[in-house]
Amino acid sequence: MFGLPTPDLGDDNSEETGRASPGGSAWICKSVIFPVGSRLRARYQGQLHHAEVEADGIRVRGQLATSPSQAANFVTGTNVNGWTFWEVQLRGHPSWMPLQALRLGLPKP
C-alpha cells in the first residue's frame, strides 16, 4: 500500500499502541507502516499543530506518543480519535492525506 512493504504482523487490530519495525526505519501501529520522518498535522482551535514519526512513536510538543490518539491527546488535552484528527505526509510523498485513509487502505489523493 502506498509503495510501502506490508509486514506479516498477525492480527494486532486490538492494539492501539505502535512499535518500531525491525531495523527502526518505520513505526507500525494497527498494521499501518509509517516511515520514520513522516509528518503529521492537524488544525485545532484555529492553530496548526505538527508532529513527526520516529522509530518509537509520534513526537509532538516534545512528547513521544505511542499511538495517533495519544498524540492527539497531547494537543487537545482530551480523548480524541487520532486516526481522524491527523493528516499525514509520508516521507518521500509530496501530498497530505487523512491519517484514517492509511488505516482503511484508501488510495492516496
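The values are calculated or read from the model by the stated rules, or taken from the named source; none is laboratory data. No experiment lies behind these values; they were computed from the predicted model shown. As a convention, Cβ positions derive from the backbone with ideal geometry for all residues, glycine included, and neighbour counts pool all protein chains shown.
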TODO: Report the residue count in the stretch 47-66 for those that are in contact with a strand residue (DSSP E or B) (Cβ under 6 Å, 6 or more places away or on another chain) and either buried (at least 18 other Cβ atoms within 10 Å of the Cβ) or in contact (Cβ under 8 Å) with a residue 12 or more places away in the chain (or both).
DONE: 11
Open item on the list: I need the full set of residues from the stretch 23-47 which are part of a strand (DSSP E or B) and of a type in the set (Val, Ile, Thr), in order please.
Closed with: Ile28, Val32, Ile33
TODO: Could you check, for the stretch 81-95, whether at least one of its residues is surrounded by fewer than 20 Cβ atoms within 10 Å (Cβ to Cβ), free of Cβ contacts under 8 Å to residues at least 40 places away in the same chain and under 9 Å from the mean Cα position of the chain (by Cα)?
DONE: no
Task: Breaking point among (1) surrounded by 14 or more Cβ atoms within 10 Å (Cβ to Cβ); (2) at pLDDT 65 or above; (3) not acidic (Asp, Glu), for Tyr44 - done: (1)
Open item on the list: For Val60, only one of the following conditions fails: (1) touching a His at 6+ places or on another chain (Cβ under 9 Å); (2) under 17 Å from Gln100 (Cβ atoms). What is its number?
Closed with: (2)
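Can you name the residue in the stretch 1-41 that is among the β-branched types (Val, Ile, Thr) and over 15 Å from Ala72 (Cβ atoms) and, of all such residues, is modelled with the lowest pLDDT? First the steps, then the outcome.
In the first step, residues of the stretch 1-41 are kept if they are among the β-branched types (Val, Ile, Thr); the result is 6, 17, 28, 32-33, 36.
The next check asks that each one be over 15 Å from Ala72 (Cβ atoms); those that pass are 6, 28, 32-33, 36.
Numbers: Thr6: 43, Ile28: 90, Val32: 90, Ile33: 89, Val36: 95.
The residue in question is Thr6.
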